[in-house]
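Q: To start, I am sharing the structure in question, which I have written as structure tokens.
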Amino acid sequence: MTVCEFRAGLEGVPATQSSISFVDGQKGILEYRGIPIQELAAKSTFLETAYLLIWNELPTRDVLADFEHEIQYHRRLKYRIRDMMKCFPESGHPMDALQASAAALGLFYSKRALDDPAYIRAAVVRILAKVPTMVAAFQLIRKGNDPVQPRDDLSYAANFLYMLSEQEPDPFAARIFDVSLMLHAEHTINASTFSAMVTASTLTDPYAVIASAVGTLAGPLHGGASEEVVEMLEEIGSVENVRPFLEDRLERKQRIMGFGHRVYKVKDPRAIILQQLAEQLFEKFGQDKFYDIAVELEQVVEEKLGHRGIFPNVDFYSGLVYRKLGIPTDLFTPVFAISRAAGWLAHWKEQLGENRIFRPTQIYTGLHSAPYVPIDERQ
Ligand code: SDX
């Protein structure tokens, strides 16, 4: 077996062969099953995009209607999971609640039939249907309220906003949220997708796969950045303070959340669309005091770090969209998980076809034949 050279963070190391999505980091291109993200954002819906990613085809009207009805049927929260959530500490982070609840789904569907298309479809439908409901349920439970059951007359995106606020969302706001879900659905072999793939490669159940991915997405270097971006904008406080704030951060070698990417060395194409969505929301529902700060920060970061390929990533403007939609800051990453569940499931299903357990090697840097020193003789 030939050993490849060690690459920190596996940078540039192919971990799989996949036809699900394509990214060109120099040109700022993102395609889902070959379709440019801009096309899908303008013309598709999240559930249609999820179907495309998972089953590698744009569904006919009837196939999509059946898929939507199946999701609708499985949306309801299991009362035992609701009761489990009531034992969670209110101060707990919603990503931990989601990871625990996603894993708990496996308790209800323990039979594994990974070679059965019906089992695979059932797992996809249950996870896509229940993740939004579980995110919204914990939000209400930790406020001391009972979760709101989903409504069958609302779309996937509108239902989440409804379950969160107990009010029917404005159709324009629901559409903006649906587009944002599409933008976050898939992004080749990012950390949480890779985590899902490694877990899936042992042929464990899909609920354990999703729980692994949720835990990975939660980190501030990955999906957790959007929450930190808004906190950073709050800390900056004014347009005038952007430059001194940034210079101080850079002086202390601190990362600027929402900027930089392992693959994109230009502005993330998703950030471009999310910025447009934010502007549309502000035009319709009123300005956000942080937007001007964000635009100024983008300009000053480009001045100081643009030459190193550090530009806004997907997390920079997403938080401003979510804020205007009334989504609490610590739910930004769970919302990312709702969307990315489609990508995780697409890679899970694709990998089942020609699975081989992930088991990389290492470059050993330790000792050999070292002595065991009795405890009384140790210094
Ligand atoms: C997502 O992979 C994906 O596709 C992820 C994602 C998806 O859809 O799944 O796109 C979603 O995770 C977006 C990224 C969200 N994270 C953040 O915004 C956190 C801030 N960004 C950085 O931590 C960083 O840019 C990463 C983690 C996103 C990428 O890290 P890399 O590729 O490992 O780059 P690196 O850490 O090796 O940095 C290279 C250099 C370093 O300088 P030197 O040590 O070489 O002098 O660039 C600097 C870094 O210090 N740098 C930054 C920076 N990002 C990189 N400096 C300041 N601020 C930053 N944000």
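The values are calculated or read from the model by the stated rules, or taken from the named source; none is laboratory data. Owing to the predicted nature of the structure, the values given are computational and were not obtained by experimental measurement. Cβ coordinates were reconstructed from backbone atoms using ideal geometry, including for glycine residues, and neighbour counts include every protein chain displayed.
Q: Kindly list the number of the only condition in (1) surrounded by 10 or more Cβ atoms within 10 Å (Cβ to Cβ); (2) over 17 Å from the mean Cα position of the chain (by Cα); (3) in a loop (DSSP other than H, G, I, E, B) that fails for residue 352.
A: Failing condition for residue 352: (3).
Q: Could you please let me know if residue 257 is within 15 Å of the ligand (Cβ to nearest atom) and part of a loop (DSSP other than H, G, I, E, B)?
A: For residue 257, the condition - within 15 Å of the ligand (Cβ to nearest atom) and part of a loop (DSSP other than H, G, I, E, B) - is met.
Q: Scan segment 335-342 and tell me whether some residue there is outside the structural domain of residue 93 (by TED's automatic domain parsing), away from the ligand (no atom under 11 Å from the Cβ) and either in a helix (DSSP H, G or I) or at negative phi (or both).
A: Among the residues of segment 335-342, not one is outside the structural domain of residue 93 (by TED's automatic domain parsing), away from the ligand (no atom under 11 Å from the Cβ) and either in a helix (DSSP H, G or I) or at negative phi (or both), which makes the answer no.
Q: Answer yes or no as to whether residue 191 is within 16 Å of residue 340 (Cα to Cα) and out of contact with any Ser or Thr (no Cβ under 7 Å at 6 or more places or on another chain).
A: Criteria not met by residue 191.
Q: Has segment 234-242 got at least one residue that is more than 10 Å from the ligand (Cβ to nearest atom) and assigned by TED's automatic domain parsing to the domain that holds residue 166?
A: No, segment 234-242 has no match at all.
Q: Quick check on my filter: what residues within segment 1-43 are part of a loop (DSSP other than H, G, I, E, B) and surrounded by 14 or more Cβ atoms within 10 Å (Cβ to Cβ)?
A: Answer for segment 1-43, where residues must be part of a loop (DSSP other than H, G, I, E, B) and surrounded by 14 or more Cβ atoms within 10 Å (Cβ to Cβ): 15, 16, 18, 20, 25, 28, 33.
Q: crowded, with 19+ Cβ neighbours inside 10 Å and within 22 Å of residue 42 (Cα to Cα), is that true of residue 294?
A: no
Q: From the residues in segment 105-133 that are free of Cβ contacts under 8 Å to residues at least 40 places away in the same chain and of a type in the set (A, V, I, L, M), which one is surrounded by the most Cβ atoms within 10 Å (Cβ to Cβ)?
A: Within segment 105-133, the match that is surrounded by the most Cβ atoms within 10 Å (Cβ to Cβ) is 122.
Q: Do any helices (runs of 4 or more DSSP H) lying entirely in segment 44-136 carry at least 1 residues that are among the small types (Gly, Ala, Ser), and which ones are they?
A: In segment 44-136, 46-55, 61-73, 94-108 are the helices (runs of 4 or more DSSP H) which contain 1 or more residues that are among the small types (Gly, Ala, Ser).
Q: Here's something else I'd like to know. May I ask you to verify whether residue 299 is closer than 28 Å to residue 95 by Cα and free of Cβ contacts under 8 Å to residues at least 12 places away in the same chain?
A: For residue 299, the condition - closer than 28 Å to residue 95 by Cα and free of Cβ contacts under 8 Å to residues at least 12 places away in the same chain - is not met.
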